[in-house]
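Here, each number is a calculation from the coordinates, and none is a lab measurement. Here the structure is a predicted model, which is why all the values come from computation and not from measurement. Cβ: placed from backbone, ideal geometry, glycine included. Neighbour counts: every protein chain shown.
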Amino acid sequence: MGDSIRERMMKFYSEGDGSITINACQGHFATSQSHINYYIDVTRLKVRVSEAKEAARSLRSKLMNRVTTVDTIVCLDSMEMLGGFLANELEKADIHMNNMHETIYVVHPEENTIHQFMFRENIRPAVEGKQVIVLVDTMTTGETVSKALECIEYYGGIINGVCSIFSTVDKVGNQDVFTLFTEKDLPGYAAYAPNECPFCQKKIPLEAMVNGYGYSKL
């Protein structure tokens, strides 16, 4: 039996960098916070070395002259490989670092059973007192990233911005978002509160639950 979501995937190009692409499929999908009319697949930029390197290069160009100091990159949604390449790009660009080791840490928070982010004792020194940027795959409401920012501040991190592959928001709290793709790159993209979703109002069933890891068909 075929996978209709995979079969309908189309390639979209970043308006800011035509060498960076993502795949997306139109339909009726749900995230943990909203209903959306596109499933966005960023897997290639997370698991393929060559494409992760290109994404890191492009993100570096967006950060330069906007962020002057980075000690730590906190990765959400299995973004560690892209985070490592971004750290390498920033070090090559001679970004300022305050930490004594003169290199950038790449870490990720743990999520506990009540969905709170936390850092274990062995990771805390990479966050406490450090200049931090957060790296995430996709954002529609920014709620998950807001929780991560609260966690980083709780552990003494100093947040300097948020990077993403795709985002519909340009700020989370008072933090700027540096993104490769926006909704302008996906014609007609829309996100809705679940109780305001026009698909639900027309009794059009959900196709899948989606997040940065992929989709689960319903």
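Some notes on this structure:
- Within the stretch 146-191, the percentage of alpha carbon pairs spaced more than 15 angstrom apart rounds to 50%.
- HN-Hα J in Hz across the stretch 208-216 - Karplus 6.51, -1.76, 1.60, θ = phi - 60°, x for Gly and Pro: 6, 8, 10, 7, x, 8, x, 9, 10
- Karplus-derived 3J(HN,Hα), 6.51/-1.76/1.60, for each residue of the stretch 129-146, Hz, glycine and proline x: x, 9, 7, 10, 10, 9, 10, 9, 7, 9, 9, 10, 10, x, 5, 5, 5, 4
- Radius of gyration, Dmax [the stretch 91-201; alpha carbons; angstrom]: 16.4, 57
- For Gly157, the residues whose modelled amide H falls within less than 5 Å of its own, excluding neighbours fewer than 5 places apart on the same chain, are Gly129.
- The phi-based Karplus calculation (6.51 cos²θ - 1.76 cosθ + 1.60; θ = phi - 60°) puts the 3J(HN,Hα) values of the stretch 180-190 at 7, 10, 10, 4, 5, 7, 10, x, x, 4, 8 Hz, whole numbers, x for Gly and Pro.
- Principal axis dimensions, largest first and in whole angstrom, of the stretch 54-99 by Cα: 25, 23, 16
- Exposure proxy shown here: for Leu206, Leu135, Leu218, the number of other Cβ atoms within 10 Å sets the order, fewest to most, as Leu218, Leu206, Leu135.
- Normalising the Debye intensity of the chain to I(0), with uniform scatterers on Cα atoms only, and taking log10 at q = 0.11 Å⁻¹ returns -0.54.
- The stretch 53-146 - Debye-derived log10 I(q)/I(0), Cα point model, q = 0.13, 0.18 Å⁻¹: -0.44, -0.84
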